[in-house]
Amino acid sequence: MKDVIVKFDPQNRSLMERLFEPPAIGKMAPFTKVVVYSFLAIWSFFVLFPIYWVIITSFKDAAAVNQGPNFIPFIDFQPTLDAWRINFTADPYCDIASIARQIYLLAHNSVIFVLSPFVSLQPMEPQICKIYLAFTNSVVISIISTIFCVAVGSMAAYALARIQYKPKFGNIMIFVLLILAVTLMTTYSGIPWWMSSAVALALFFFLARSIGRHFKMSLGNGDILFWMISQRILPPIVVVVPLYVMFQAVGLLDTHLALILLYAVANLPIVVWLMHDFFANLPIELEESAQLDGATRFGIFWEIVMPLTRPGLAATTLLILVLNWNEYLFAVFLATVKVQTMPIMVAAKNTGEKGVLWWEMCAVTVVMIIPVIIMSILLTRFISKGVLLGAVKG
Amino acid sequence: MQKPVPQNTKDIQPGNSPAGISSGDKWREWCDRHAGSFFIAPAVTLILIFAIFPTIYSMVFALSRVRFTGDGLKFRYVGFRNFAKQFFGSSEMHFLGRTEPVSILGMIIFAVIVVTVLWWLYRSWKTATWVRMLGRSISAAMAIFLGWILCASLLSGNSIGTLYTTLFYVLFGCAVQFAIGTGLAFLCSQPIRGRNFFRVLFFIPLMVTPLGVGFAMRMIADVTKGPFEPILGLLGLQDWVWSASPWSARFVMVICDSWQWIPFIFICMLAALENVPRDHVEAAQVDGASSFHIFRDVTWPQVVPVAVTVLLIRAIEAFKIMDLPNIMTGGGPGSSTESMTLHSVYVWRANDLGSSAAIAYLLLILTVVVCASFFNYVVLSQIRKA
Amino acid sequence: MTGNRTKASVRFDGVQKSFGTVKVLEEFNLEVQPGEFLVLLGASGSGKTTALRILSGLEVPSAGQVYIGERDVTQVLPKYRDISMVFQSYALYPHKTVAENIGFPLKVKKMPKAAMEAAILDAAKQVQLETLLDRYPRELSGGQRQRVALARAIIRRPSVFLMDEPLSNLDAKLRGHMRAELKHMQATLGITTIYVTHDQIEAMTLANRVAVLEKGVLQQLAPPSEIYNNPANLFVAQFIGSPAMNVIHGSLEGASFLTNGAKVETKVKGQIPKAVAGVRPEDCAVTDLGKGSINGQIFTTELIGDHTLVTVNWGNDQIVVKAHKDFDGKQGDGVGVQLPADNLYIFNETSGERIR
């Protein structure tokens, strides 16, 4: 073992040692430095190139796109604003006056949306600036859906972290059987869905009270949590067709409300998973002391617990916002005329009679992905503070 | 009877509060006592209405022949015919691929698979409970079935259908993404400058709309107008169109999917690598271990639980792939890049709702069995070790 | 297996360390004799852990040199310094058994398996762990984990041992037991040891010499008895000793210390308007009111068992006196305190320097 020490001489390092041995703790050997930085540079290029390509294509015209690849603006081709004009200002309904009117309509409709059970909706004008429509639809639906999803998910996650649930297994079985019965009834016999649902619900409560008392086996919080989180495994394609039928029966097809609810449910498992981790890691003494002081559950949740999880909440909200913004499958099945979102609009550009007009599509794509890129930069700052790691480890 | 509002601390003396509570308080107290239900009810209701119920309803679709009539949909119960169609009937080629003739190589490998699975099953017979045995039997059955399809179609030189295309995307895609993602995370965990810059930069592709990614990749992969045209010319491949051959199309799908999903693995693995306690690494450094030795013996074992969890999450998402093949190749050539979700969508567009639901259900079963098996046999054992 | 190894000396030569703009270690000069047990004592943030890490090679000094034996090891990687280190958190690899943990340094050096196993068994015997070799760290108690870390450190017979607060995670009783074990082991093996701690009892009991650090500056380097009886400045005087030395504010005039109207004789002379007198609780005594050097009111009394601690109010200061266990004074009583000149230390209040 002495040999190891004698051989090493810090003053006279051989060339091999100089290249391959790190000079000190916390530094890399020169050879390692070269390898590491070159791989990182290669990957950075790989990441940025498609985005770069999309951006410059939005500034090309038909000739520049169709006559082979043109890489650098001003050198290979002359950038133009054609695509942007076609999408924005050339659209007859994109002038300031129309947009002002549409903003007014949006505010008006939002108010009516809130009052919708009591008042019927006033339809938006059918001829409006398409990209504006798609953009505001995306913004409205994403934001409302995110708030709704995070609110519902946080409450459920908090409850699962602090309150003990013991649903009886037998009751759950009864419930599932009743769902089955309702489905079959509605499909094969002529009974309207609301009637069979109401009867089934009443039947469930009655059975749960009477027979349910005798069931012994019950599930715990862990099972409920697992059930909620595992909903993510469900491929959306399984549910879109029935949802289409359901929404059509209720008259909610092609409405904002439908998409908001769906997006919320699709991302609920993620919110529950992440927020449960945050809540479970908070010291319980804070809440116990508040309980002794007489606060209600909701008071504790709103005043004490939520502020403490602000960074985690912010990170989760950003993540869900991005996911909602990107959502396409549900939108394309359930809403195509009035409630176009950005992804649908981009996809609609796909069917041009003269072949795809790539430059136009890229312009719209740029509008679609810029907000997301900004949100992702914000999100990364949260992640680098280790905010979301705890959830993955669990 | 109103509760007197305390005016100052002297009023809040022990024994000073009135015994009775007003009706407003009674209502508030009832709410608080049932707070558990109120908190969880919205989430449960939403999931029941929009996830559980449609799933069950979808089964009704899958078991029926559905037709659009004047006043809505008409269902006719046909049992498992829609399912059978995928395995034995008119959709067999589309779904499973060509499964005959089976070559000798295919037979041999299938035999090996069956023997391994049965031996594993036998070995667990002694140590497992009934429930666990049931789970293992399901996993074993799925393994043998998938093995048969693999051997009969791919290994016998025949074409594969959407089932195996999906599995290819999942298995091969996840492997590639995991390897590259972990490699990048390892590079970024070295003492480099600008680690946060790279983290921000590398994260972006994950959040870009998959639809946008699809179109961008389609443009870039265009062999005549895209940026690769000069490179292909240099290599003498001017006339090669990747979208003409099934396997090259599938590979291109995996590459494009990886562009979007490698960041996910990268971020999670980087966080895991950064969270290995510094003490352990320093102790190993003082004891004289080389960097490679430290990574293999100290860092990696502590990162494995996170790694398998990340892999599981990625696999769950990977089964749902749809946007990319739809946009880049429309499922083609033929149906060779169709994932099962896409297959279901196309069948739905052809107005066969029953088959569409059946295929969706088959995807659900495949996802659940594969992911649950992976979770039970790999993830749990790793987490238990930690 | 004590073996005949050359014990190495350790020398810090003008070592400085800054993290960004924060200077953690200033002009640190220290020489450790071969086979010596040196304790670096200080509060958190004093720079003691930084000094240890610089010696281990896990940090590089901003200026100065470090020598192990005759070699300048300032820029040398840890693995070439022939040292081993026990971390505060023990740093046991959770996925390896106790035996694999202990044998890790040898595995790195690619020792043949049979020899390695013999060495592991020997090291385990020295810390009484030979029955636990197949367990995993998570199955062990705190004291057992600490011994695994120790065994891993001694197995290689390095030239220098480094220990970073190894006993701070143990409960009080176990700590006392491990202190004795550590001292015995170091004496048997005779390896030069640098030990970092904030606990002055550990410093007093274990060290051949103590180096007291505060804010990156070495305050005093001396054997424990000297640190206790002859502190170089106010900081050292107050840091060592439990209960802490009393401080009385006042001024030094000639050969007397004037405080709050009382005049106490001192052995040192000087003219210091703002001075502090220090006296240890066991060096002063309580007497009847009026008979002591100073007279004040009892703030509280605490019966320890074999003695009573009496806290006396004096102006803005409080003086703790060790009294007989049957002392019967009560809160509020007047009492006198004798401050013998022999055991009175005088310090300059502003600089903290001891007046000799």
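Residues of segment C:51-80 being of a type in the set (Gly, Ala, Ser) and either facing chain B (nearest Cβ under 9 Å) or under 12 Å from residue C:149 (Cα atoms) (or both), which ones? Spell out the reasoning first.
From segment C:51-80, those of a type in the set (Gly, Ala, Ser) are C:51, C:56-57, C:62-64, C:69; that's our starting set.
Within segment C:51-80, C:56, C:57 qualify.
Inside segment A:343-374, can you point out the residues that are at pLDDT 85 or above and assigned to a loop (DSSP other than H, G, I, E, B)?
Within segment A:343-374, no residue meets the criteria.
Give all pairs with beta carbons closer than 6 Å in which a residue from segment C:233-256 that is under 12 Å from residue C:281 (Cα atoms) meets a residue that is part of a strand (DSSP E or B); count only pairs at least 6 apart in sequence or on separate chains.
C:243/C:320; C:245/C:278; C:246/C:279; C:246/C:319; C:246/C:320; C:247/C:276; C:247/C:278
For the condition within 14 Å of another protein chain (Cβ to nearest Cβ), surrounded by fewer than 14 Cβ atoms within 10 Å (Cβ to Cβ) and closer than 26 Å to residue B:311 by Cβ, what is the one hit in B:141, B:179, B:185? So that I can check it myself, show each step before the final result.
Details: B:141 fails: within 14 Å of another protein chain (Cβ to nearest Cβ); B:185 fails: surrounded by fewer than 14 Cβ atoms within 10 Å (Cβ to Cβ).
Of B:141, B:179, B:185, the one residue that is within 14 Å of another protein chain (Cβ to nearest Cβ), surrounded by fewer than 14 Cβ atoms within 10 Å (Cβ to Cβ) and closer than 26 Å to residue B:311 by Cβ is B:179.
Would you mind stating whether residue B:257 is of a type in the set (D, E, K, R), within 10 Å of another protein chain (Cβ to nearest Cβ) and in a helix (DSSP H, G or I)? Reasoning before the result, please.
Values: of a type in the set (D, E, K, R): yes; within 10 Å of another protein chain (Cβ to nearest Cβ): no; in a helix (DSSP H, G or I): yes.
It is false that residue B:257 is of a type in the set (D, E, K, R), within 10 Å of another protein chain (Cβ to nearest Cβ) and in a helix (DSSP H, G or I).
List the residue pairs whose Cβ atoms are under 7 Å apart, where the first residue sits in segment B:151-169 and is surrounded by 22 or more Cβ atoms within 10 Å (Cβ to Cβ), the second is of a type in the set (Lys, Arg) and at pLDDT 80 or above, and the two are 6 or more positions apart or on different chains.
Qualifying pairs under 7 Å: B:165/B:250.
Scan segment B:84-103 for residues that are closer than 29 Å to residue A:187 by Cβ, surrounded by fewer than 19 Cβ atoms within 10 Å (Cβ to Cβ) and of a type outside the set (Gly, Ala, Ser) and report the count.
Counting residues in segment B:84-103 that are closer than 29 Å to residue A:187 by Cβ, surrounded by fewer than 19 Cβ atoms within 10 Å (Cβ to Cβ) and of a type outside the set (Gly, Ala, Ser) gives 3.
Where residues in segment B:56-83 are charged (D, E, K, R) and assigned to a strand (DSSP E or B), which of them is surrounded by the most Cβ atoms within 10 Å (Cβ to Cβ)? Lay out the reasoning, then the answer.
Kept after step one, since they are charged (D, E, K, R), are these residues of segment B:56-83: B:65, B:67, B:71, B:74, B:76, B:81.
Now narrow it down to the ones that are assigned to a strand (DSSP E or B): B:65, B:67, B:74, B:76.
Numbers: B:65: 16, B:67: 13, B:74: 13, B:76: 11.
So, considering only residues that are charged (D, E, K, R) and assigned to a strand (DSSP E or B), the one surrounded by the most Cβ atoms within 10 Å (Cβ to Cβ) is B:65.
Determine which member of the set A:215, A:204 is surrounded by fewer than 18 Cβ atoms within 10 Å (Cβ to Cβ), in contact with a Leu (Cβ under 6 Å, 6 or more places away or on another chain) and over 30 Å from residue A:304 (Cβ atoms). Walk me through how you get there before you give the answer.
Working: A:215 fails: in contact with a Leu (Cβ under 6 Å, 6 or more places away or on another chain).
After ruling out the rest, the residue left standing is A:204.
Among the candidates A:301, A:279, A:333, single out the residue that is farther than 30 Å from residue B:366 by Cβ, part of a helix (DSSP H, G or I) and facing chain B (nearest Cβ under 9 Å).
The match here is A:301.
This table checks each residue for (1) at positive phi; (2) in contact (Cβ under 8 Å) with a residue 24 or more places away in the chain.
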residue: C:51; (1), (2): no, yes
residue: C:60; (1), (2): no, no
residue: C:64; (1), (2): yes, yes
residue: C:71; (1), (2): no, no
residue: C:80; (1), (2): no, no
residue: C:83; (1), (2): no, yes
residue: C:92; (1), (2): no, yes
residue: C:96; (1), (2): no, yes
residue: C:99; (1), (2): no, yes
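Could you tell me how many of the residues in segment C:274-293 are under 22 Å from residue C:232 (Cβ atoms) and surrounded by fewer than 16 Cβ atoms within 10 Å (Cβ to Cβ)?
Here the count works out to 2.
From the residues in segment C:314-356 that are touching an Asp or Glu at 6+ places or on another chain (Cβ under 7 Å) and part of a strand (DSSP E or B), which one is surrounded by the most Cβ atoms within 10 Å (Cβ to Cβ)?
Result: C:347.
Which residues, taken from segment A:237-253, are more than 18 Å from residue B:45 (Cβ to Cβ), surrounded by fewer than 20 Cβ atoms within 10 Å (Cβ to Cβ) and in contact with a helix residue (DSSP H, G or I) (Cβ under 7 Å, 6 or more places away or on another chain)?
Across segment A:237-253, the qualifying residues are A:244, A:249.
Restricting attention to segment C:37-50, does a residue exist that is of a type in the set (A, V, I, L, M), assigned to a loop (DSSP other than H, G, I, E, B) and at the interface with chain A (Cβ under 10 Å from one of its Cβ atoms)? I'd like the intermediate steps shown before the answer.
Step one: list which residues in segment C:37-50 are of a type in the set (A, V, I, L, M), which gives C:38-41, C:43.
Restricting the remaining residues to those that are assigned to a loop (DSSP other than H, G, I, E, B) gives C:43.
Restricting the remaining residues to those that are at the interface with chain A (Cβ under 10 Å from one of its Cβ atoms) gives none.
Checked against the condition, which is being of a type in the set (A, V, I, L, M), assigned to a loop (DSSP other than H, G, I, E, B) and at the interface with chain A (Cβ under 10 Å from one of its Cβ atoms), segment C:37-50 yields no hits at all.
Does segment A:153-185 hold any residues that are facing chain B (nearest Cβ under 10 Å), under 33 Å from the mean Cα position of the chain (by Cα) and within 18 Å of residue B:57 (Cβ to Cβ), and which are they?
Matches in segment A:153-185: A:175, A:176, A:179, A:180, A:182, A:183.
Take segment C:81-135 and flag every residue that is within 8 Å of chain B (Cβ to nearest Cβ) and part of a helix (DSSP H, G or I).
Within segment C:81-135, C:104, C:105, C:108 meet the criteria.
Looking at segment A:179-230, which of its residues are farther than 30 Å from residue B:78 by Cα and not in a helix (DSSP H, G or I)?
Matches in segment A:179-230: A:211, A:215, A:216, A:217, A:218, A:219, A:220.
The values are calculated or read from the model by the stated rules, or taken from the named source; none is laboratory data. Model, not experiment: these values are computed from the prediction. Ideal geometry is used to build each Cβ from the backbone, glycine not excepted, and the neighbour counts take in all protein chains shown.
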